[in-house]
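Student: My questions all concern the structure below.
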Amino acid sequence: MNAHLVSFHDLCPEVRHFVFEVPGVERIDFQPGQFVSFVREVDGRNITRPYSIASVPDSTNRFELCLNLVHEGRLSPVLFAMQTGTDIEMKGPLGVFTLRHPEREAVFVSTGTGVAPFRSMLLAHAPKLTAPLTLILGTRYEPNLLYRAEFEALAARCPNFRFLPVLSRPEPTWNGLTGHVQPHMLDVIGERRDLDVYLCGLKLMVDEARALLKERGFDRKQILFEKYD
Ligand SMILES: Cc1cc2nc3c(=O)[nH]c(=O)nc-3n(C[C@H](O)[C@H](O)[C@H](O)COP(=O)(O)OP(=O)(O)OC[C@H]3O[C@@H](n4cnc5c(N)ncnc54)[C@H](O)[C@@H]3O)c2cc1C
């Protein structure tokens, strides 16, 4: 199966939003939170890399991704060099990082492009659910808060959804949350142990957040995570 690049635009330096379609397929079926795997021969070796779907399933053959450029990486520079109208081999959708208990309160914690599966889950589920859902999105600088306007609009129209952006290197004009996402996750959770926590991003953040949750007595079944590296 191939994915055909329909369009792309940069969300901020080195982070790109891609729109793909699957030629010859009427509709691509996936659960919010799943990923596709891209395969390409690079320097004589087949390289396979998974990418979380950032869009909501609809009745079309399109899906969207949010990628950052890893300069020294093998596949992401190839994807950033792709022109519209070109194709790449694809497998999937795959994966089990999906909303487990729609009736249960949940906190979503991400850094950088780790927000991709949460964009899909939250845009798809928040308007239909009543359980409180909180997204904590961490990055260094304000322009790198991916999909900020969409999450703010979602929070304005869904009373059960709360958006908490966090900057680790804020400008003096920023009056929101600062530092790393982990302490803000603990603040949101407080004494509660009856909610689910979804974590997505690089290993360092995911492992630290998991350790903090386990220390505080969270059942591991309530900690759902996807590590990008
Ligand atoms: C289930 C899953 C879903 C993923 N979804 C996404 C996604 O939606 N968007 C996305 O940008 N990446 C995503 N990734 C990461 C992606 O698969 C690749 O690892 C990434 O694009 C780097 O590949 P590469 O071949 O360019 O680098 P490689 O040659 O594999 O080099 C890997 C190096 O890049 C680092 N790295 C890996 N991912 C990132 C990243 N996102 N940001 C910075 N450094 C990174 C690793 O720590 C390692 O040092 C996902 C990974 C998994 C396992």
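Student: Starting from 0.36 nm per residue, how many nanometres of slack lie between Lys227 and Arg40 once their C-alpha separation is accounted for?
Tutor: That works out to 65.2 nm of additional length.
Student: Moving on. Which shape class applies to region 176-225: rounded if a/c is under 1.5, otherwise prolate when a/b exceeds b/c and oblate if not, where a ≥ b ≥ c are the square roots of the Cα gyration tensor eigenvalues? Let's see the in-between values first.
Tutor: Working: a/c = 1.84, a/b = 1.17, b/c = 1.58.
Oblate.
Student: So, one more: For Lys203, give me every one of the lysines with a C-alpha distance below 22 angstrom, ignoring sequence neighbours fewer than eight places off in its own chain.
Tutor: Here the lysines satisfying the reach criterion relative to Lys203 are Lys214, Lys221, Lys227.
Student: Hey, what's the chain come to in accessible area per residue, 1.4 Å probe, Å²?
Tutor: Solvent-accessible surface per residue comes out at 49 Å².
Student: Divide by every residue of the chain the summed helix terms, -39500 (n - 2.57) for each DSSP H run of at least 4, and state the resulting mean residue ellipticity at 222 nm, rounded to the nearest 500 deg cm²/dmol.
Tutor: Values: 5 runs with 47 residues, N = 229.
-6000 deg cm²/dmol, from helical runs alone.
Student: Normalised radius of gyration for region 32-86, please: alpha carbon Rg relative to 2.2 N^0.38 Å, two decimal places.
Tutor: 1.23
Student: Given 0.36 nm per residue, what is the gain on full extension from Glu152 to Ala131 after removing their alpha carbon distance, in nm?
Tutor: Length gained, Glu152 through Ala131: 5.8 nm.
Student: How much of the calculated P(r) for region 1-128 lies past 22 Å, in percent of all Cα pairs?
Tutor: 35 percent
Student: In whole Å, what are the extents of region 7-46 along the principal axes defined by its C-alpha atoms, from largest to smallest?
Tutor: Cα spread of region 7-46 along its principal axes, largest to smallest: 32, 31, 21 Å.
Student: In the P(r) worked out for region 88-229, what percent of Cα pairs fall beyond 23 Å? Please list the in-between numbers first.
Tutor: Numbers: 3193 of 10011 pairs.
Roughly 32 percent, once rounded to a whole number.
Student: Something else about it: Residue by residue, what Karplus-based ³J(HN,Hα) values in Hz, rounded to whole numbers, does region 168-182 have, using 6.51, -1.76 and 1.60 with θ = phi - 60° and x for Gly and Pro?
Tutor: Rounded to whole hertz, the list is 8, 10, x, 6, x, 6, 6, 10, x, 6, 10, x, 8, 6, 4.
Student: Using θ = phi - 60° and the Karplus form 6.51 cos²θ - 1.76 cosθ + 1.60, what ³J(HN,Hα) does each residue of region 2-14 get, whole Hz, x for Gly and Pro?
Tutor: Result, rounded to whole Hz: 10, 10, 10, 6, 8, 6, 7, 8, 7, 7, 6, x, 6.
Student: Would you mind telling me the share, in percent, of accessible area of the chain contributed by carbon and sulfur at probe 1.4 angstrom?
Tutor: 50 percent
The values are calculated or read from the model by the stated rules, or taken from the named source; none is laboratory data. As the structure is a computational prediction, the values presented were derived from the model and not from experiment. When the accessible area is computed, the model is the full protein with side chains, heavy atoms only, and any ligands, DNA or RNA have been set aside. Shrake-Rupley method; radii C 1.70, N 1.55, O 1.52, S 1.80 Å.
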